[in-house]
2 protein chains.
Amino acid sequence: MTLSNTQQEFVLHFGEMGSRWGINRTVGQIYALLFICKKPLNAEEITSALHISRSNTSMGLKELQAWQLVRLKRRPGDRRDYFTTPDDLWEIVRTLVAERKKREIDPTLSKLRELEMHGPTGDDYGDARISELRELIETLTGFYEEMERLETQRLVTLMTYGSRLAGLIDKAGAAMPLFTSQT
Amino acid sequence: MTLSNTQQEFVLHFGEMGSRWGINRTVGQIYALLFICKKPLNAEEITSALHISRSNTSMGLKELQAWQLVRLKRRPGDRRDYFTTPDDLWEIVRTLVAERKKREIDPTLSKLRELEMHGPTGDDYGDARISELRELIETLTGFYEEMERLETQRLVTLMTYGSRLAGLIDKAGAAMPLFTSQT
DNA sequence: TGTTAATTTCAGAAATTACTGAAATGACAG
DNA sequence: CTGTCATTTCAGTAATTTCTGAAATTAACA
């Protein structure tokens, strides 16, 4: 595996960004490499393309599998594992958002509920702050769960015509009483 | 500064989560502490509450200021700096999302555009993949920018009634031709 | 079953990131 | 200007994370 200049840059960029995205450089690079390669790659190809150790590749792929970001493919008559990323970019986004929510949001939501369960502490402000935060996260994740339920095509439509949403809320509000109750 | 059990747990949780959120433990703890305290705190109070060094507090506050997540207040006749978080949680969310976008998305968008500028590389699949990715990010950030523009009250309405959005798209689509063009 | 090729694990090394104490800098009051 | 109190900087240390090579494990096939 040899990479063109552009491919190289793309891969290195994802490596650099990895740390900001909460994954490590190698994992970012492996993902980027798989992303731009049409054909599934095996561990040996990844190792040589990125100049990393074979074991590092193995650990990186394991991590990507934990994130559900890569697909494992096998070829008949070949013992090796081959990896790709999904063709559908929206599917990738869905996975990414779902996993980040699972790791970055859900544990905090649980913790906040747990703290509330153990009853008020006497610090009115702090208690209120915590339950406000819990409510806000519930609103956000509730909205996310609705969006997640939409088929991709509708989601894209919604986003593409997002600039008309403000007006839409009001127009719909006028026609549908539900939408006026909070405005 | 002494913390109740609940406060302690809240602060420690944010410390733990910090690493997943791309900030370090101390910064997470400082933020959590300021978040649940009604009164602005000075560096000395933070230092003693969290049992960290004074210089660590200073660096943490600097980081939080860079994220625009804390407000600096001064008291007449007191030389010390006092810090708080905004009362309005939605404002905090806006800041957080804006800053994360700036750090985690924008650099990649620039890089992708730059790679496209340097022209096709001969690898059709890779080129297509990169421009598809750039388009997707543009759609997402475009949508985000529209949402950002909405007043908080409308945003909350939209999210709270999110479950009716799917239907709304279709109903609006029927009434407004714009919304049917892509479905 | 044994042989071979591939993957995974893991202890230690390397690299990176976070934290501290001491010294420097800055800001205000007299 | 000087003294005092507060904040920042920074070099060194500590802690954590990442990476490697060697050994162990797993899987395919004859």
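The values are calculated or read from the model by the stated rules, or taken from the named source; none is laboratory data. Everything quoted here is computed from the prediction, not taken from an experiment. Heads up, the Cβs are rebuilt from the backbone with ideal geometry, glycines too, and the neighbour counts pull from every protein chain shown. What goes into the accessible areas is simple: the full protein's heavy atoms, side chains included, and nothing from ligands, DNA or RNA. Shrake-Rupley method; radii C 1.70, N 1.55, O 1.52, S 1.80 Å.
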*Quick one: helix A:89-100 against the long Cα principal axis of chain A, what's the angle to the nearest 10°, folded into 0 to 90?*
70 degrees
*Apply the Karplus parameterisation 6.51 cos²θ - 1.76 cosθ + 1.60, with θ equal to phi minus 60°, to every residue of the range A:144-156 and state each ³J(HN,Hα) to the nearest whole Hz, in sequence, with x for glycine and proline.*
4, 5, 5, 4, 4, 6, 5, 5, 3, 4, 5, 4, 5
*Area of A:Arg25 that stays accessible when all protein chains are in place (1.4 Å probe, Å², to 10)*: 150 Å²
*asked:* As I understand it, the dipole of chain A uses +1 on the Cβ of Lys and Arg and -1 on the Cβ of Asp and Glu, about the Cα centre. Which of A:Leu64, A:Thr139, A:Gln7 lies farthest toward its positive end?
replied: A:Gln7
*Compute the normalised compactness of the range A:5-84: alpha-carbon radius of gyration over 2.2 N^0.38 Å, N being the residue count.*
1.03
*Residue by residue through the range A:18-34, which ³J(HN,Hα) values in whole Hz follow from phi under the Karplus form 6.51 cos²θ - 1.76 cosθ + 1.60 (θ = phi - 60°), with glycine and proline marked x?*
x, 4, 6, 8, x, 10, 8, 3, 4, 4, x, 5, 4, 4, 4, 4, 5
*What residues qualify as long-range amide H neighbours of B:Asp81, i.e. H under 5 Å apart, gap of 5 or more or another chain, H built at 1.01 Å from N?*
B:Ala43
*Ordering A:Met159, B:Met59, A:Met117 from largest to smallest accessible area (1.4 angstrom probe), what's the sequence?*
A:Met117, B:Met59, A:Met159
*Would you check the accessible area of B:Leu34, probe 1.4 Å, heavy atoms only, in square angstrom rounded to 10?*
0 Å²
*Can you give the relative contact order of chain B as a percent, counting alpha carbon pairs under 8 Å and 6+ residues apart?*
12 percent
*Kindly write out, for the range B:117-122 in residue order, the coupling ³J(HN,Hα) from the Karplus curve 6.51 cos²θ - 1.76 cosθ + 1.60 (θ = phi - 60°), rounded to whole Hz, with x marking Gly and Pro.*
4, 5, x, x, 9, x
*Largest-first ellipsoid semi-axes for chain A, taking √(5λ) over the Cα gyration tensor eigenvalues, angstrom*: 41, 24, 14
*Bin width 10 Å, alpha-carbon pairs only: give the P(r) of the protein assembly as shown as whole percents, running from 0 to the bin holding the largest distance.*
4, 20, 26, 24, 18, 7, 1, 0, 0
*Per-residue ellipticity at 222 nm for the protein assembly as shown, helices alone: DSSP H runs ≥ 4 residues times -39500 (n - 2.57), over residue total, nearest 500 deg cm²/dmol?*
-20500 deg cm²/dmol
*Please work out the Cα center distance from the range B:49-92 to the range A:43-108, rounded to the nearest Å.*
39 Å
